[in-house]
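The values are calculated or read from the model by the stated rules, or taken from the named source; none is laboratory data. The model shown is predicted, which means the values in this text are computed figures rather than measured ones. Cβ placement follows ideal geometry from the backbone for every residue including glycine, while neighbour counts extend to all protein chains displayed. Areas reflect the complete protein model, heavy atoms only, side chains present, ligands, DNA and RNA absent. Shrake-Rupley method; radii C 1.70, N 1.55, O 1.52, S 1.80 Å.
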Amino acid sequence: MKFNTKTIHGGQHDTDPAYGSVMPPIYQTSTYAQSTPGGHKGFEYSRSGNPTRAALERSLASIENGNFGLAFGSGLAAIDAVVKLLQPGDEVVSTNDLYGGSYRLFTKIFEGFGIKFHFIGMENAANIEKYITDKTKLIWVETPTNPMMNIIDIKAAAAIAKKHDILLAVDNTFATPYLQQPLDLGADIVMHSATKYLGGHSDVVMGALVVKDKELADRLYFVQNASGAVCGPQDSFLVLRGIKTLHIRMQRHCENGKAIAQYLNQHPKIEKVYWPGFADHPNHEIAKSQMRDFGGMISFVTKGNDYNEAIKIVENLKVFTLAESLGGVESLAGHPASMTHASIPKEEREKTGVVDSLIRLSVGIEDIDDLIADLEQAIG
Ligand SMILES: *Cc1c(COP(=O)(O)O)cnc(C)c1O
């Protein structure tokens, strides 16, 4: 099955035995009747498993070319489950330009439990190897990175992980499996904030993990059930519905993203545009080799790098909504320094390029003329 068919049919073999409903029913139940103790039809309690969630988990596995999917109550809950595979004393090598909430989870929760994190630039993947010790158990990669749109070579990172027998996890939230499929490039775990492109309509908070290996899936399932950060059946249904249009939404996100990146790049008031589709992006060649297209996420910095001017621009936007999050059908604009990355200390965020005037756009699927006109009036 090809990708565009998988988004609609992947893992959805069981039609509803009761009435043949084309979409899986929303099994809004916490428990399941048993004929005799242990005599059930595959489900006992909805933390452990729910048929609507199971349908979504099969879809997730299918679109990422994995064998097992696990859905969680949020992206951070999915990341939390991965780090819970580790023990005190273990070390993690992580991308430095990282989703703010991931950084907070790693440093404020898991460092307290005795896990050590190295946050490093991975634009040159060989750099990862310098930080590997005999305690390293996990490499955490985000590509494209948030919000600087750095590109990390997943295949090269996977080769290092294999050589040292370390797990490689890739946060694939920005790219989605439409653009890149990390498991095929050698990653062990793919993670998603399904809140973003997979759900695609800004109406659900959810996370996901997909793996190929059965033993790894069992260990993650143990954490999912034991820690209990699962998602509900209604949200499972919504994300399953979202995934069915992922490929056509992504196609338009990419088209609009390209047009806006080019528009901003020639704008006299804009200093720099970060988008992996530009030939002069430092890792453009790697992006071209591991991604099908370049996505709808763009960051830019204004000339003069003025904090207040950036705030004015995002306030002036009318079609773009000023909001956190990304990946929905509607265009959003954010100011990382005061919003998503406010939890990262200023000197720390500036080291990775998150300067005062940086603005991040999640380009939606509206008409491109309206989006460009909106930027034109807001930037002035
Ligand atoms: C949003 C996001 C997360 C966290 O996901 P939630 O669903 O908000 O918990 C993790 N990584 C990236 C890249 C994100 O954009």
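A few notes on this one:
- Our estimate of slack between TYR19 and HIS284, defined as 0.36 nm per intervening residue step minus the Cα-Cα distance, is 90.4 nm.
- By average C-beta atoms within 10 angstrom, highest first, the peptides 198-205, 172-179, 226-233: 172-179, 198-205, 226-233
- Charged-residue dipole, Cβ positions (Lys, Arg, Asp, Glu), the chain about Cα centre, Debye nearest 20: 680
- Of the whole protein surface, MET206 contributes about 0 Å² of accessible area at a 1.4 Å probe radius.
- Rough spin-label spacing in nm, given labels placed 7 Å along Cα→Cβ, for LYS108 and ASP369: 4.6
- Per residue accessible area in Å² of segment 246-379, where ligands, DNA and RNA are left out and the probe is 1.4 Å: 43
- Anisotropy class of segment 258-373 from Cα gyration tensor, a/c 1.5 cut: rounded
- A straight Cα-to-Cα reach below 27 Å connects LYS346 with the lysines LYS108, LYS116, LYS130, LYS196, LYS269, LYS272, LYS303, LYS312, residues fewer than 8 places away in its own chain not being considered.
- Reachable aspartates and glutamates from LYS163, criterion Cα separation under 14 angstrom, eight or more residues apart if same chain: GLU129, ASP134, ASP188
- Potential extension, ALA323-ILE8 segment - 0.36 nm per residue separation minus Cα distance: 110.5 nm
- Relative contact order computed over the chain (Cα-Cα under 8 Å; 6+ residues apart), in percent: 17
- Heavy-atom surface of segment 3-243, accessible at 1.4 Å and reported per residue (Å²): 40
- Difference of contour (0.36 nm per residue) and Cα-Cα distance, LYS155 to LYS272: 39.3 nm
- Student exercise, segment 246-379 dipole from Lys, Arg, Asp, Glu Cβ charges, in Debye to nearest 20: 300
- Fraction of antiparallel bridges per DSSP, segment 277-380 only, in percent to nearest 5: 80
- When each of the peptides 278-290, 89-101 is scored by the mean number of other C-beta atoms lying within 10 Å of its residues, the order from highest to lowest reads 89-101, 278-290.
- Share of carbon and sulfur in the accessible heavy-atom surface of the chain [1.4 Å probe, %]: 52
- Packing rank of 123-129, 110-116, 321-327, where each peptide gets the mean count of other beta carbons within 10 Å, highest leading: 321-327, 123-129, 110-116
- Cβ-based charge dipole, the chain, positive-most Cα from THR95, THR36, SER227: THR36
- Over the Cα atoms of segment 189-337, the radius of gyration divided by the Kirkwood radius equals 1.03; this is the Rg/Rh ratio.
- Antiparallel content of DSSP bridges confined to segment 3-243, in %, to 5: 40
- Prolate/oblate/rounded call for segment 1-83, Cα gyration tensor, a/c under 1.5 rounded: oblate
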